[in-house]
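Take a look at the structure set out below.
Where a number appears in this text, it was derived from the coordinates with a stated rule and is not lab data. Everything numeric here is computed off the predicted structure, so don't read it as measured data. Please note: Cβ atoms are built from the backbone with ideal geometry, for glycine as well, and neighbour counts cover all protein chains shown.
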Amino acid sequence: MSERKRKASSTEEPVCVLCGRADVDRDICGRTFDESEIRVHEFCLIFANIYFEERPPWEEIVGLPLDAITCKVKQANQKQCCVCGERGAAITCAERSCERSFHLPCARDGECISQYFGKHRSFCFEHRPRQVTQEAPAEGTNCLICLEPVGDSLSYHTLVCPVCKHAWFHRGCIQQQALSAGSACFQCPSCRENILFYQEMSTIGIQIPDRRPSWEANDEYDPSLERHRHCDASECLYHGGREYAERRGPWQLLLCSSCAAEGTHRQCSHLSNTTATWECDGCAGLGTSTGKRQSVLRAALPESVCPKWDGRSHCGATASDS
Ligand SMILES: [Zn+2]
Ligand SMILES: [Zn+2]
Ligand SMILES: [Zn+2]
Ligand SMILES: [Zn+2]
Ligand SMILES: [Zn+2]
Ligand SMILES: [Zn+2]
Ligand SMILES: [Zn+2]
């Protein structure tokens, strides 16, 4: 009796316990995890604020927190989706006084949004963050991406670039672009600005996956995120917070190439998106300009190289035969 068989009949595909759907777009709900008799979508878990651990290369899940999921399902069964009206809505609006809940796949129809960064907050149609601009599209303005007309004002479906303020596009179109460009190449289709653009689009619910563009290469595991995970810049600009980082682009966390015990988001230290190495102030202040010299110093006097050096080895691969 230890291994019970799945009860679902063979004709019926098992559904996600948090959204009740089987046939949803992977772009919307993420990967599908099965464990014991539970099937659940990656993003349904994340936006229900249930945390789970992953192991590189990020395709393997360590173990679903089954108790937390069961508890959330019970809670959700008391809540009606503000979009489709059915029960089992596991995602709740982050606005304090708001009681609205929804299913992740219903979000778009109901003009609700979820933020794919930081605390992964979600908002109902009333409380979703909105773009602020006085501009409205001129009559006859077309979406820069699909070339079809946009609405006559800012709305859930009609968005504008916050930088050049004259690039208008549909939410669905910029979302598709974000999925194929990935965080490394996501930018305004007109002025090509990528910092403010990235920040504003993710705030209003555009999902910008941390990967190289789909036309280049596939998702790779970045081992630097395994170690120190904190931006130590004097002023951290990442809206998700110092503890969070993206795997590519302006909000990728770089570790000090000498001590690996200090980190910074690229943007917080004014580094370009192509900068791959960086040294913390403590290490850079020693004036060790060549890689060889650094490794000698690091090996001989680790404590003096960086006050926060904690003995972890780093960059051994760069040292040549001695
Ligand atoms: Zn789901
Ligand atoms: Zn619903
Ligand atoms: Zn709300
Ligand atoms: Zn469009
Ligand atoms: Zn622009
Ligand atoms: Zn930062
Ligand atoms: Zn350092």
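Between residue 237 and residue 27, what length comes free when the chain is fully extended (0.36 nm per residue of separation minus the Cα-Cα distance, one decimal in nm)?
72.8 nm
Determine the sum of side-chain charges near residue 159: Lys and Arg each +1, Asp and Glu each -1, restricted to other residues whose C-beta is under 13 angstrom from that of residue 159.
Once all neighbours under 13 Å are counted, the net charge is +1.
Along the Cα-to-Cβ line of residue 276, 7 Å from the Cα, sits a label point; which residues in the stretch 171-190 have backbone N less than 17 Å from it?
184-185
If we sort 161-174, 244-257 on the protection proxy, mean other Cβ atoms within 10 Å, highest first, what's the order?
244-257, 161-174
Using the Cα centre of the stretch 130-218 as the reference point, and only Cβ charges (+1 on K/R, -1 on D/E), how large is the resulting charge dipole? Debye, rounded to the nearest 20. Don't skip to the end; give the middle numbers.
Numbers: 6 positive and 8 negative charges, 45 e Å.
In total the dipole reaches around 220 debye.
Normalising by the residue count of the stretch 130-218, find the relative contact order in percent from Cα pairs under 8 Å and 6+ residues apart.
Answer for the stretch 130-218 is 25 percent.
Are there trypsin sites (Lys or Arg not before Pro) in the stretch 74-120 that DSSP marks as loop and that have at most 16 other Cβ atoms within 10 Å, and which are they?
Here the trypsin sites (Lys or Arg not before Pro) that fit, given the DSSP loop and packing criteria, are 96, 119.
Just in the stretch 93-126: which GluC sites (Glu not before Pro) are loop by DSSP and have at most 15 other Cβ atoms within 10 Å? Let's see the in-between values first.
Numbers: sites: 95, 99, 111, 126; in loops: 95, 99, 111, 126.
Taking the stretch 93-126 and a limit of 15 other Cβ atoms within 10 Å, the loop GluC sites (Glu not before Pro) found are 95, 99, 126.
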